Structures are given as structure tokens and as C-alpha cells.
1. Taking into account only those residues within region B:44-62 that are among the acidic types (Asp, Glu) and outside any helix (DSSP H, G or I), which is most open to solvent (accessible area, probe 1.4 Å)?
2. Determine whether residue B:134 is touching a strand residue (DSSP E or B) at 6+ places or on another chain (Cβ under 8 Å), modelled with pLDDT of 95 or more and facing another protein chain (nearest Cβ under 8 Å).
3. Determine which member of the set B:87, B:23, B:72 is open to solvent by 10 Å² or more (accessible area, probe 1.4 Å) and under 26 Å from residue B:112 (Cα atoms).
4. Does residue A:40 qualify as being in contact with a strand residue (DSSP E or B) (Cβ under 8 Å, 6 or more places away or on another chain) and not hydrophobic (A, V, I, L, M, F, W, C)?
5. Go through region A:195-209 residue by residue and tally those that are surrounded by 17 or more Cβ atoms within 10 Å (Cβ to Cβ), out of contact with any helix residue (DSSP H, G or I) (no Cβ under 6 Å at 6 or more places or on another chain) and not β-branched (Val, Ile, Thr).
6. Need the failing condition index for residue A:109 against (1) under 21 Å from residue B:200 (Cβ atoms); (2) within 15 Å of the chain's Cα centre (by Cα), just the number.
7. Is it true that residue B:108 is open to solvent by 30 Å² or more (accessible area, probe 1.4 Å), more than 17 Å from residue B:160 (Cβ to Cβ) and among the hydrophobic types (A, V, I, L, M, F, W, C)?
8. Which residue out of B:57, B:53 is farther than 19 Å from residue B:173 by Cα, under 17 Å from the mean Cα position of the chain (by Cα), modelled with pLDDT of 95 or more and hydrophobic (A, V, I, L, M, F, W, C)?
Protein chains: 2
Amino acid sequence: MKIGILGTGAVGQTLGAKLLSLGHEVMLGARQAGNEKAITWVQQHGGNASEGAFEDAAQFGELLIVATLGTGTVAAVTQAGAANAAGKPVIDLTNPLDFSQGMPPQLFVGLTDSLGEQVQRALPGTYVVKTLNLVNVAQMIDPASADGGGEPTMFLCGDNAAAKQQVTAVLQQLGWRRITDLGGIKEARATEPFVLLWVRYGIVHNTWTHALTF
Amino acid sequence: MKIGILGTGAVGQTLGAKLLSLGHEVMLGARQAGNEKAITWVQQHGGNASEGAFEDAAQFGELLIVATLGTGTVAAVTQAGAANAAGKPVIDLTNPLDFSQGMPPQLFVGLTDSLGEQVQRALPGTYVVKTLNLVNVAQMIDPASADGGGEPTMFLCGDNAAAKQQVTAVLQQLGWRRITDLGGIKEARATEPFVLLWVRYGIVHNTWTHALTF
């Protein structure tokens, strides 16, 4: 499948490389085509890897993944364009973290709204699925590597059942076995605050490879 | 130890009975002394069990436990009285859940404040420790009974180190082994929203005996 990833940081690069290894074609999108990190990544990963602007990645992908910093998420998907992304499932794995006061971060949206819902509103006509925001990228692509060595739990939520099925298939390819569909995209209000707990536990125990199991 | 519990519902009664079985003296407090549920509970549990008004329980306990509905928490601790509770550790196990829109509930405080902080502000001179709010009462008193049969994780937070030590000892008596001190009472902003995820998972899987493990 053709997958467009918005974001060229560690999450986009690592998740993109894993998806290439699973046989997908992956384009990394940045604010502008020709992003230095994206070009290096393409050179490292060969023929099925490509790069472009956010708009290019949104056009390219049959499935899109938003992997920006939370503070840049709405700007990135707005630039990507609802028309380019129309009719497509969009995995939103971002978290609304505000590091402007240092560690630990605060949420910049919550209670009566969520970043997942903001992404859905910025991309009408797409099918946003919030997932993967619960763990570090190393565990996104290898859940069995989480502390404790068990099978951690992954949540997803979104308003379109078919999109959630497609995303579930991708999660299964990544190794996830315990996947719970929490309901509509509004349930991002329940999953996004979890990252505060995850970060705080990480600080206390100096680990960043932990994952929730229910 | 003498323990005063504010609240006569299932949580207060069950937790109180367990604490009696561990050798503590327990008074259940209600809005008014002579609460029917509290009297029945005292009759069932004998000599070390007693009941009274919130103020009585706050005076009685060397350690207090707030076990009311979240919507009644601040009123209950205000009635209990900062003077009666002064110098004591106060376990706050409540959650700021608003069921007025039905299921699933919404949080009525979060992001920039928490119910734990509200309890602390309502009881100046006490040492509030937020904990036990992550699970159902059956798992509070028997963590090994949680789904999966492992050792779930419990968090606590509060501003006073000695109070957290005393509360940790109580948690250990209840069977908790994996206890993480997240920091000051402000960290309740990280633990209280977790209940949304816990409730939503419970609805989807029709289980209410699940508990987080990290």
C-alpha cells in the first residue's frame, strides 16, 4: 500500500522504515519538498522510499500518518490539504503536548476537545483514526519490546468503521495483538491525556520503553 | 491505626471492611451521623467499626480516606473540616466524573487543575495523597484479582513525603507491590484523566476488573 507520512522526525523515519520493510511504499512529507532529513532517509531506504511536501505525501498515500510534533499537527494537516487527503484513512499518532514550561509537559487541548478531533475538523472528508500515541516509536513498531515483555494494549478510535479496519490491519502488521476500538474520534479525549501518565512514569523510572497493558 | 473514611457507599464499606480485617479501627463518615448504611455496616463488622458525621470521622482518624462520589468530594471534605483533619494524611481516591450526560462520563476538572488539588486546597494543613482512583474497589483491596492475574501498577502523588510513606504502607497492606510515586499532588492532573480510558475500556469489553500494568 502507498503510505504518506506527515513528519520527518524520528517517529516518521522509524515508522516509515518499518513500513517499507513490510512491503509498503512510503513518502515522507515535510513543510517543503527537499527536506534534508527526508532526502537522507530516502537515500538510505531505496526504491520504495520517497519524499515531498505535506501536500505531496497526502496525494501519494492511500493511507496517511500524521507524525508531527503535537504543536505542529493542525498546521501540517491543513497544509497537506483536505482535498489531497479526501476519502483516505488518516492515522493521527500525535499528542497535544506543550513543553513550553519544561518537563513534565502539559496538554494544550483536552476535556471538551482533543487533537484527534482537531485533525478530523481540519481534514473533512477523511477518516481520522487516533492510535499509536500511547508509546514510543520503538514500541510502535515492536510492541513485544515494551518493558515486561508482555503484550501491551493499543487503543484506536475514529468515526469510520472501514478506516478503523484498515488501520487495525496495519497495527497487526506492526505486531500489535491486543487492540481495543474505543469508539468515535471523540474518545481521543480519553487516550491523549494518558501520555501525561506515561511521561511522568518515564521520568520517575528513567525508562521510555514502557507500555500500558490492561 | 485509626482510619476515618468519608463516604458510606460501596467503596467506603468494602475498603473499610478490608482495613478492619487488617487490624485497623475504622469509622465511616456521612453527611449526618446515624446514616442507615453506615449503621448496618457497623452492626456487620463489630467492635472496631464505628460511624459518625464527616466531622467525626475526620477527628477520629489518624489517617483519612475520601471515598465519596467525585461530585460530592469538595463538599464532604469541607464539611469534615480542615481543623479536624489538620496534620493528617488524607487519601483521596475520588475521580472528577460527571455522569450528567450519561455514559461515558466526562471529567468536570482537568488540564490546569485536578480534584486532588481541590481537596488539598479545601483541607489546608493536611497531607493529601491521590491514589487508588485507578481501579474498582475489588481491585483496590486485592490487586492480584485484576484481569490478567499479574501485578498491576498503582500510582500515588502528594506534596508530603512522610504522608506518602504512610500511604504506601497501607497500599502494601492491601497487596499492592508495584507502586510509583509520581511526585506532587499536581500529578493528579495525570492520573485522574486515566479513569476515562479505564471506563471506556470497561464499556467495550464489559469488564470492570481491569487494571493498568506498566
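The values are calculated or read from the model by the stated rules, or taken from the named source; none is laboratory data. These numbers come from a predicted model, not from an experiment. With ideal geometry, Cβ positions are generated from the backbone for all residues, glycine too; neighbour counts draw on all protein chains shown. Note: areas computed on protein heavy atoms with side chains; ligands, DNA, RNA excluded. Shrake-Rupley method; radii C 1.70, N 1.55, O 1.52, S 1.80 Å.
1. Narrowing region B:44-62 to residues among the acidic types (Asp, Glu): B:51, B:55-56, B:62.
Filter once more, so that each one left must be outside any helix (DSSP H, G or I): B:51, B:62.
Numbers: B:51: 52, B:62: 96 Å².
Within region B:44-62, the match that is most open to solvent (accessible area, probe 1.4 Å) is B:62.
2. On the way: touching a strand residue (DSSP E or B) at 6+ places or on another chain (Cβ under 8 Å): yes; modelled with pLDDT of 95 or more: yes; facing another protein chain (nearest Cβ under 8 Å): no.
So residue B:134 does not fit the description; no.
3. Details: B:87 fails: under 26 Å from residue B:112 (Cα atoms); B:23 fails: under 26 Å from residue B:112 (Cα atoms).
Checking each option against the conditions leaves just B:72.
4. Details: in contact with a strand residue (DSSP E or B) (Cβ under 8 Å, 6 or more places away or on another chain): no; not hydrophobic (A, V, I, L, M, F, W, C): yes.
Judged against the criteria, residue A:40 is not a match.
5. Qualifying residue count, region A:195-209: 3.
6. Going through (1) under 21 Å from residue B:200 (Cβ atoms); (2) within 15 Å of the chain's Cα centre (by Cα) one by one, residue A:109 breaks only (2).
7. Values: open to solvent by 30 Å² or more (accessible area, probe 1.4 Å): yes; more than 17 Å from residue B:160 (Cβ to Cβ): yes; among the hydrophobic types (A, V, I, L, M, F, W, C): yes.
Against the criterion (open to solvent by 30 Å² or more (accessible area, probe 1.4 Å), more than 17 Å from residue B:160 (Cβ to Cβ) and among the hydrophobic types (A, V, I, L, M, F, W, C)), residue B:108 qualifies.
8. Values: B:53 fails: under 17 Å from the mean Cα position of the chain (by Cα).
None of the others qualify; the one that does is B:57.
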